[in-house]
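Below you'll find the structure, written out as structure tokens, and then a few comments.
Every number in this text was worked out from the coordinates using simple rules, so none of it is lab data. Since the structure is predicted, the reported quantities are computational estimates derived from the model, not experimental observations. Here the Cβ positions follow ideal geometry from the backbone for every residue, glycine too, while neighbour counts run over all protein chains shown.
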Amino acid sequence: MKKLLFLIAILSLSNIQAQIDPLKYPTYTNVEDALKSGKTIYSMSFRDKGLFNVSPELSKMDSLFFLNLMGNNLEKMDDEIFKLKQLEILNLNGNSIKFIPDEIGDLKKLTSFSMNLNSLTKINNNFAKLQNLKIVHFDANNLSVFPEALIKIATLEEINLSGNQISFVEKDLHQIKNLKYLNLAANQINDLTDVRFPGNLKYLELQQNSIINLPESIFKSKNLEFLNVSQNNLKKISPKVKGLKNVVSMNLANNQLKDLPKEFSKLKNLKTLILSGNPMNKATIDKLKILMPQTQIYF
């Protein structure tokens, strides 16, 4: 799982780098070369350099907006990082960082923050000061609750907390009003009863948890297009599923479902439905095929 998440992190980073104009904003991989260039430095990457600390010279590059420190041996976020007031994209994936210091609130221009595959057990409350943040990744850490600080950042559009030990999710999740992508896969969630999901949510990943029932608030997510709740303990789906008017893909594989409500026929945009690994008999399978002729169903 950790290796898979690391690969995903690399692909995500590649997508970000592809958006940076290499001619206008060349990415330097060496501090000395960057300083000797005599140019304003906007982008630096120290990926897989075996670093235990960042260079003190880094703080001189006060125009940096992109910094990649992925795949090193950092155990903390050095002070030099917090002096980079223009920083917009910060990648700290694949290190050994155990906590985020209070100074994180100084990086007010951050729009993307990624700290996958580290050793975090909680998120500093000062993280809520990053009111321009759109993307945050804390995959494969040791978090046990949904970070309260994230609830206070309404600008967030993408949150990935997969591969942690989260059992509790903030009920006021809907306050992140711009959230479109939420990944809570591979955690320890069993109850979402009181959770209110954001109205703009399009992608929701809840696979590999211990969820027994889907909360009614999910079925009010009229903008939801992709829902994955495979590998849980679902025994039934509420007829209120008909509220998912725009859902295109739904993965319900490897649960305890013996049947689905007839309201699934109302999901006219549903193109793909995965039901493999559920205890459904042949009669039920045949019935569902007739009920949803427009949907490709995988049993």
Rounded to 0.05, the calculated FRET efficiency for the beta carbons of THR193 and ASN73 at R₀ = 41 Å is 0.45
Per the 1/(1 + (r/R0)^6) rule, R0 = 41 Å and r from the Cβ atoms of GLN296 and ARG47, FRET efficiency to 0.05 is 0.55
Which ³J(HN,Hα) values in Hz, rounded to whole numbers, follow from the phi angles of segment 111-119 under the Karplus curve 6.51 cos²θ - 1.76 cosθ + 1.60, where θ = phi - 60° and Gly and Pro get x?
-> 10, 9, 10, 10, 9, 6, 6, 10, 10
To the nearest 0.05, how large is the calculated FRET efficiency for SER59 and ASP102 if R₀ is 25 Å and r is the Cβ-Cβ distance?
-> 0.90
In whole Å, largest first, what are the principal axis extents of the Cα atoms in the chain?
-> 73, 36, 30
Treating the beta-carbon of each Lys and Arg as +1 and of each Asp and Glu as -1, no other charges, what is the dipole magnitude of segment 167-299 about its Cα centre, to the nearest 20 debye?
-> 580
Any chance you could give the angle, 0 to 90 degrees and rounded to 10, that helix 282-291 forms with the longest Cα principal axis of the chain?
-> 80
Give the angle, between 0 and 90 degrees and rounded to the nearest 10, that separates the Cα long axis of helix 2-18 from the longest principal axis of the Cα atoms of the chain.
-> 60
Quick one: Kirkwood hydrodynamic radius for segment 167-299, alpha-carbon pairs, angstrom, one decimal?
-> 14.8
Among 268-279, 251-262, 126-137, how do they line up from the highest to the lowest mean number of other beta-carbon atoms within 10 Å?
-> 126-137, 251-262, 268-279
Under 1.5 on a/c is rounded, so check that first for segment 127-226, then, if it is not, pick prolate when a/b is larger than b/c and oblate when it is not; a ≥ b ≥ c are the square roots of the alpha carbon gyration tensor eigenvalues.
-> oblate
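Kirkwood hydrodynamic radius (Cα pairs, Å) of segment 79-119?
Mean inverse Cα-Cα distance, inverted, gives 10.7 Å.
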Over the chain, relative contact order from alpha-carbon pairs under 8 Å, at least 6 apart, % = 8
Work out how much length ASN30 to VAL248 would gain on full extension: take 0.36 nm times their residue separation and subtract the Cα-Cα distance, in nm to one decimal.
-> 73.9 nm
Cα-based Rg and Dmax for segment 18-174, in Å, come out at 15.6, 52
